[in-house]
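The values are calculated or read from the model by the stated rules, or taken from the named source; none is laboratory data. Treat the numbers as computed from the prediction; the structure is a model and nothing was measured. Because the Cβ atoms are built from the backbone with ideal geometry, glycine has one as well, and the counts that use them run over all protein chains shown.
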Amino acid sequence: MAKNLVIVESPAKAKTIQGYLGKDFAVIATVGHIIDLPTSKLGVDIENGYEMVYTTIKGKDKVIESIKKAVKATSGTVYLAPDPDREGEAIAWQVAQICKFPAKSEKARRAVFHEITKEAIGAAIQNTRDVDASLVEAQQARRILDRLVGYPLSMLLWKKIQFGLSAGRVQSAALRLIVEREDEIKAFVPTPYMTFTSKYKGTDVVFTLVDAKGSMVKAVPEQGNELKKLLDLQGKHEVIEHKTKTVTSSPPPPLVTSTMQQAANQTYGFTAKMTMKFAQELYQGVNIKEKGGLIGLISYMRTDSVNMSEQAIAAIRDLIEKKYGKEYLHDTARRYKTKSAVAQEAHEAIRPTHVELLPSMVREYLTPQQYKLYALIWRRAVATQMKPQILEEENVKTVPVQSEARTFVDKEKWAFETVAQREVFAGYRLLKHAEEKEIKPLPVVSKGDQLTVSEIKAENLMTTPRSRFNDATLVKEMEKLGIGRPSTYASIIGTLIARNYALREMKFLIPTEIGILVCNFLKKHFVKIVDYAFTAQMEKELDEIANATLTKKKMLEAFYPDFAKDIEEKNKSIVKEELTSLGETDKECRKCGTKMHLKIGPWGQYYVCPNEKCKNKEPFVDMTKYFVPEEVDKGGYILKKGRFGVFWAHPDYPEVKKTLPMLLKEVCPDCDAHLVERKGKTGRPFIGCSAYPNCKYIKSRFFKKGDAAKSGEASTAKSPAETTSIKKVVSKKVIKKSASKAKTKRTK
Ligand SMILES: [Zn+2]
Ligand SMILES: [Zn+2]
């Protein structure tokens, strides 16, 4: 046995670190958390200071045994080295607990690093500390708070709406954002307006009619039609203004978790979850031949700090000077500052650990997605130390020469305008993304010139509502409102989708019927839980616990008694309504002929027979949820129903054995392919990825034992739920068992 032991949370990380440390060190992994709240009961000792009742996480006994054994065999130091945040601190503490190390231990030391490089690991081993009790307490407080809210609330939803539902703390506020945006879209009344553009002989540049403030004119139709008549009268416009000025554009700050998720979504269409997965892979270590093995390519990816270390800044500046020349190097080092809410978590921005490794140099060692994300992180970090881009901006304004038209636009202070920019010096934009467009050059004109109109275009348009949230805009909104933290943005969205409260369709997040129902129920009966300010306040208080300026006992004492009373009262006062029924339909019951009712279920709509003696259920095929591929229209495919459900069949089927699967509009959170409904070996339906077997994503479909306890608790990347990407579909037996259990609870 090696002299010293290093304990981390992930096997991939363990492997990379083992490569840096000699044979005096053994490196093992906990594979996420090892002890946690029980899944079958509340698990919080409310009478005794809101302490967690820990139990071993299912399947972790072996890991715990091997940790204990390894610790026993270690004569030197045990380094507790999980990730540098609250979740990591909690895992370090859990290991100390099971090995019975005291709070201040000589043998067990906490080692913290923000990047997995030889230097950083070496420094962390040299500068250890005790496990930080405040960070651990903050993690526990979040866990308990989520449990205290999620457990009773889910129970209430079962009783009052439908069995199997759940509600969590932070996700409910995020769900409200999605639902209210949908309400706004539904309530939106489009109004007509007109826009105008002009073009002139000898140039392709398009001029737009703008108001005095420079905004595009959206004329009401009467006014617009009048103007159109006047503009059609004569074909000459006069240049009334021609201005040139120099503008500079400075690089944006380096990436943090939220901006990385947004940028990767906008540039590459990655979901927040995909981005975090690829970032984690880059952070934990990639085999790079030039560097002699596994190295972590980027610094820690869960951070809200834009700070960069002095060494990192120096390395970037060195690279810029060597590779691009001194003229591109910003005169002084740019330093971005964020005041971290929690001092112990003072992270750095997400940046390359070895900036000399250009994206092109590591491309062959990375997956295409890892490469894209690495290039994005690298560009943004390097750009921060480069000179601003310098542009020459030209602004030309024209108005019609014809007097009535001229009088009309003058009265409104309108003019046709075009703005063009010419790059004088690229600066940091030297690193720009290859697909960015170049701008068309302007014609050479001077004030007073008359231009011959080649085209006047009046467009009749309708106002449109704000668009639905996508991963990028939702994360941005959550960050703005203070809902969630770098470690939870991706999992909040993931939980809403896993619960089927929202779907991702063509990148946009759409609430499901059941999601809307649950959200409105919470808004009506538990205002606080879906209140943005309250949710943000809770996050702040968790930060205070991490800073040791508040205790978890105090925080929970201030929150829980009122909430518990509220739950108790609502349990009595809310009458179970038929919230899920959509009323009678024309469909006749196959068994008894009664007109069936349509109902909303946790997984979409279904028919149910209202005849008390029959209660037959039949599936409802909601065509609006399917994506219709081009081939279906082109080939004249028709919808057929077979033993395995509906599918697209060739018009000459079954003579021509050509069929197409029913792709759902909803796309896979792991790989972006369309999802499909499939059946397992036992005939159980489930939703999987159409890219199977390349992608093994399965959307868990059925209510699982213990879900009430876990209800809506946003799992962070280190929780057991995310370490296994394939969620097993639970057998019938388990579902029946938990269903009957719930019934007995209901009668109590
Ligand atoms: Zn019936
Ligand atoms: Zn997939």
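Tabulated data
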{"quantity": "Positions within the range 107-118 being outside any loop (DSSP other than H, G, I, E, B) and under 20 Å from Ser66 (Cα atoms), in sequence order", "calculated": "Ala108, Arg109, Arg110"}
{"quantity": "Candidates Gly32, Gly49, Gly76, Gly22 - the one that is over 23 Å from Asn127 (Cβ atoms), assigned to a loop (DSSP other than H, G, I, E, B), out of contact with any Asp or Glu (no Cβ under 7 Å at 6 or more places or on another chain) and not aliphatic (A, V, I, L, M)", "calculated": "Gly49"}
{"quantity": "Members of the range 443-472 that are farther than 26 Å from Lys201 by Cα and either surrounded by fewer than 19 Cβ atoms within 10 Å (Cβ to Cβ) or in contact with a strand residue (DSSP E or B) (Cβ under 9 Å, 6 or more places away or on another chain) (or both)", "calculated": "Leu461, Met462, Thr463, Thr464, Pro465, Arg466, Ser467, Arg468, Phe469, Asn470, Asp471"}
{"quantity": "Matching option when the condition is modelled with pLDDT of 90 or more, over 18 Å from Phe521 (Cβ atoms), away from ligand 2 (no atom under 16 Å from the Cβ) and touching a Gly at 6+ places or on another chain (Cβ under 8 Å), among Lys553, Lys613", "calculated": "Lys553"}
{"quantity": "Condition met for Phe620 (within 16 Å of ligand 1 (Cβ to nearest atom) and either buried (at least 18 other Cβ atoms within 10 Å of the Cβ) or modelled with pLDDT under 80 (or both))", "calculated": "yes"}
{"quantity": "Flag if Val575 is touching a strand residue (DSSP E or B) at 6+ places or on another chain (Cβ under 8 Å) and either among the aliphatic types (A, V, I, L, M) or within 16 Å of ligand 2 (Cβ to nearest atom) (or both)", "calculated": "no"}
{"quantity": "Members of the range 152-163 found to be surrounded by fewer than 23 Cβ atoms within 10 Å (Cβ to Cβ) and not polar (S, T, N, Q), listed by number", "calculated": "Pro152, Met155, Leu156, Leu157, Trp158, Lys159, Lys160, Ile161, Phe163"}
{"quantity": "Residues located in the range 172-206, provided they are over 25 Å from Val475 (Cβ atoms) and surrounded by 14 or more Cβ atoms within 10 Å (Cβ to Cβ)", "calculated": "Tyr193, Met194, Thr195, Phe196, Thr197, Ser198, Lys199, Tyr200, Thr203, Val205, Val206"}
{"quantity": "The one condition in (1) without any contact (Cβ under 8 Å) to a residue 60 or more places away in the chain; (2) under 30 Å from the mean Cα position of the chain (by Cα); (3) not in a helix (DSSP H, G or I) that Gln139 fails to fulfil", "calculated": "(3)"}
{"quantity": "Of residues in the range 659-693 being of a type in the set (Lys, Arg) and modelled with pLDDT under 85, the one nearest to Arg504 (Cα to Cα)", "calculated": "Arg678"}
{"quantity": "Which listed residue, of Asp85, Asp132, is surrounded by fewer than 24 Cβ atoms within 10 Å (Cβ to Cβ) and within 26 Å of Tyr50 (Cα to Cα)", "calculated": "Asp132"}
{"quantity": "Single residue of Lys104, Lys100 found to be part of a loop (DSSP other than H, G, I, E, B), at positive phi and either surrounded by fewer than 22 Cβ atoms within 10 Å (Cβ to Cβ) or of a type outside the set (D, E, K, R) (or both)", "calculated": "Lys100"}
{"quantity": "Residue in the range 264-281 that is outside any helix (DSSP H, G or I), outside the structural domain of Gly19 (by TED's automatic domain parsing), of a type in the set (Phe, Trp, Tyr) and farther than 20 Å from Ala120 by Cα present", "calculated": "yes"}
{"quantity": "Flag if Glu356 is in contact (Cβ under 8 Å) with a residue 60 or more places away in the chain, charged (D, E, K, R), closer than 23 Å to Glu119 by Cα and part of a loop (DSSP other than H, G, I, E, B)", "calculated": "no"}
{"quantity": "Flag if Ala90 is at pLDDT 95 or above, assigned to a helix (DSSP H, G or I), out of contact with any Asp or Glu (no Cβ under 9 Å at 6 or more places or on another chain) and under 30 Å from Ile529 (Cα atoms)", "calculated": "yes"}
{"quantity": "Hits in the range 359-388 (condition: surrounded by fewer than 16 Cβ atoms within 10 Å (Cβ to Cβ) and of a type in the set (A, V, I, L, M, F, W, C))", "calculated": "Met361"}
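A quick yes/no check of all residues on (1) away from ligand 1 (no atom under 16 Å from the Cβ); (2) of a type outside the set (Phe, Trp, Tyr):
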{"residue": "Met555", "(1), (2)": "yes, yes"}
{"residue": "Phe559", "(1), (2)": "yes, no"}
{"residue": "Asp562", "(1), (2)": "yes, yes"}
{"residue": "Ser573", "(1), (2)": "yes, yes"}
{"residue": "Lys576", "(1), (2)": "yes, yes"}
{"residue": "Thr580", "(1), (2)": "yes, yes"}
{"residue": "Lys587", "(1), (2)": "no, yes"}
{"residue": "Lys591", "(1), (2)": "no, yes"}
{"residue": "His597", "(1), (2)": "no, yes"}
